[in-house]
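This report concerns only the one structure given below.
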Amino acid sequence: MAMLRFPTIRSLFEAFPTAADDIAVPAGDDDCIALLQALTAQEAWHPAVSLCAYILPRREAVWWGCQSLRAARRLEPEEDAILEAAEEWVRQPDEARRRLALDLGTRSDAGLPGTWMAFAAGWSGGSIVPPDYAPVRPPPEQTARCVRAGLMIAIAQMPQAEVPGAVGLCITRGIALAVAGTP
């Protein structure tokens, strides 16, 4: 089952106006996958990561972000636990797992890329405030923006020589997920 939600960059920007600033490419009828491949070939990592985070559905975006971090860097035990919570939500996207990921993200170091994957899961739906308050829904673009933020932090922390291989593989896997199926 194909996961591609937005066939053109224009359709993406219409659904998520924030994507225009995050991706920073002109709105047009360019095919999202072809554009993603072109950005990767140009080693334009920031727009490529941003585009991939937006074109994937929420669950798949969180999965992609978590797996990209695991492939790209050695994780500290604290970060591994944070990613595990986000991955558990992907496997079973229920309210308790979403809430656990949100709580872990809130208590974790914002400088850790994994923290942003927990936020991505936690802000995927439901309420973002504690249960004893009136529900507050997250903006619909928050999952993509959190996945993007976590991956940008990871890229900034990588030795420059490792970026093309690690991020190129990350984008290749994101394209496969967008085109071919579920995590």
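Observations on the structure shown:
- The range 30-44-the range 131-165 distance, computed between alpha-carbon centres (Å): 20
- Database remark: amide H of Thr8 closer than 5 angstrom to the amide H of Cys32 (H placed geometrically; neighbours at sequence offset of 5 or more, or on other chains; Pro and chain starts carry no H).
- Axial C-alpha extent at least 20 Å, average Kyte-Doolittle at least 1.6 - helices from the chain (DSSP): 163-180
- Helices in the chain, meaning DSSP H runs of at least 4 residues, each add -39500 (n - 2.57). Divided by all residues, the mean residue ellipticity at 222 nm is -20500 deg cm²/dmol.
- Burial order of peptide ranges 153-159, 46-52 (average beta-carbon count within 10 Å, highest first): 46-52, 153-159
- Pairs of Cα atoms nearer than 8 Å and 6+ residues apart set the relative contact order; for the chain it is 27 percent.
- Order by protection proxy (mean Cβ within 10 Å, highest first), peptides 95-107, 57-69, 79-91, 16-28: 57-69, 79-91, 95-107, 16-28
- The alpha carbon gyration tensor of the chain gives principal lengths a ≥ b ≥ c with a/c of 1.5 or higher and a/b no greater than b/c, which makes the shape oblate.
- Furthest towards positive pole of dipole, Thr8, Ala24, Val62, structure part the range 1-107, Cβ charges: Val62
- Each of Val136, Val147, Val179 was scored by other Cβ atoms within 10 Å of its Cβ. Listed from fewest to most, they are Val136, Val179, Val147.
- Under the Karplus curve 6.51 cos²θ - 1.76 cosθ + 1.60, θ = phi - 60°, whole-Hz ³J(HN,Hα) for the range 12-27, x wherever Gly or Pro sits: 5, 5, 5, 6, 10, x, 5, 4, 4, 6, 5, 8, 6, 10, x, 5
Just so you know, all these numbers are worked out from the coordinates, no wet-lab data involved. Because the structure is a prediction, the values reported are computed rather than measured. Here Cβ is always computed from backbone atoms with ideal geometry, including for glycine, and neighbour counts include all displayed protein chains.
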